[in-house]
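Structure first, commentary second.
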Amino acid sequence: MNLSIKHNALSAEEFIALWEAVWGQGPSYEQTRLAMEHTLFRVSIFDGDKIIAMGRMIGDMGLDYYIKDVVVRPEYQGKGIGRMLINELLAFIRQNGVPGTSIFVELCAMPDKMPFYEKFGFDANEEQRLKMMYPVG
C-alpha cells in the first residue's frame, strides 16, 4: 500500500464515490458540495490516487465536536486505516480545543462497529438518537 493522508481536501466527487462503494446510493452532488464546504475538518486517505477512506468532523470549536461519515473501503478494513482516521480527527480536536477543558465528542455507530470506537474511549449512553429525513422543496 502507498498510503497518504490529506486534510480538508476531500471533494464532493470523492466523498460520493467512497460513500457509494461502501453504503450504496449517495447523496446529491449539491448536498455533498455544501457539506464539504461547511465541514469543520475533513480527512481522507488514499492508496496511490485511489480514495480508500474518509472521515469528517462538524462542531462549534468550543463545546462539541461530532464525528461523521467514517468510511473505509471493505477491502481495506482490518488494516488500521480506521484507526488512522480516528487518530487524525482526535488530533484536530487536541490542536484546536480550548486548553485545560474537556470537550464533548460524539458519533453514531452501528452496533457491530461499537467495539472499534470503544477502543478510543467512546462509550454508549442510555439516550436514544432521534432522526428524520426532512424533505426540502
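The values are calculated or read from the model by the stated rules, or taken from the named source; none is laboratory data. Predicted model, so just to flag it, every value in this text is computed and none were measured. Positions of Cβ are generated from backbone atoms using ideal geometry, with glycine treated the same way; all protein chains shown enter the neighbour counts. Remember, those area values only see protein heavy atoms, side chains included, never the ligands or the DNA or RNA. Shrake-Rupley method; radii C 1.70, N 1.55, O 1.52, S 1.80 Å.
A few points about this structure:
- A cut-off under 12 angstrom between Cβ atoms defines the neighbours of Phe104, and their net charge, with Lys, Arg +1 and Asp, Glu -1, is -3.
- Prolate/oblate/rounded label for the stretch 21-106 (Cα gyration tensor, a/c 1.5): oblate
- Relative contact order for the stretch 4-47: 62 percent, from Cα pairs under 8 Å spaced at least 6 residues apart, divided by residue count.
- Whether the stretch 74-137 is rounded, prolate or oblate, judged on the alpha carbon gyration tensor where a/c under 1.5 counts as rounded: oblate
- Summary value for the chain: 20 percent relative contact order, contacts being C-alpha pairs under 8 angstrom separated by 6+ residues.
- Rounded Å value of the spacing that divides the Cα centres of the stretch 25-57 and the stretch 71-137: 15
- Heavy-atom accessible surface of the chain, averaged per residue, reaches 65 Å², computed with a 1.4 Å probe.
- For the stretch 1-84, carbon and sulfur atoms together expose 52% of the accessible surface, with a 1.4 angstrom probe and every protein chain in place.
- In nm, spacing of pseudo-spin labels at Tyr134 and Glu118 (7 Å Cα→C-beta vector): 3.4
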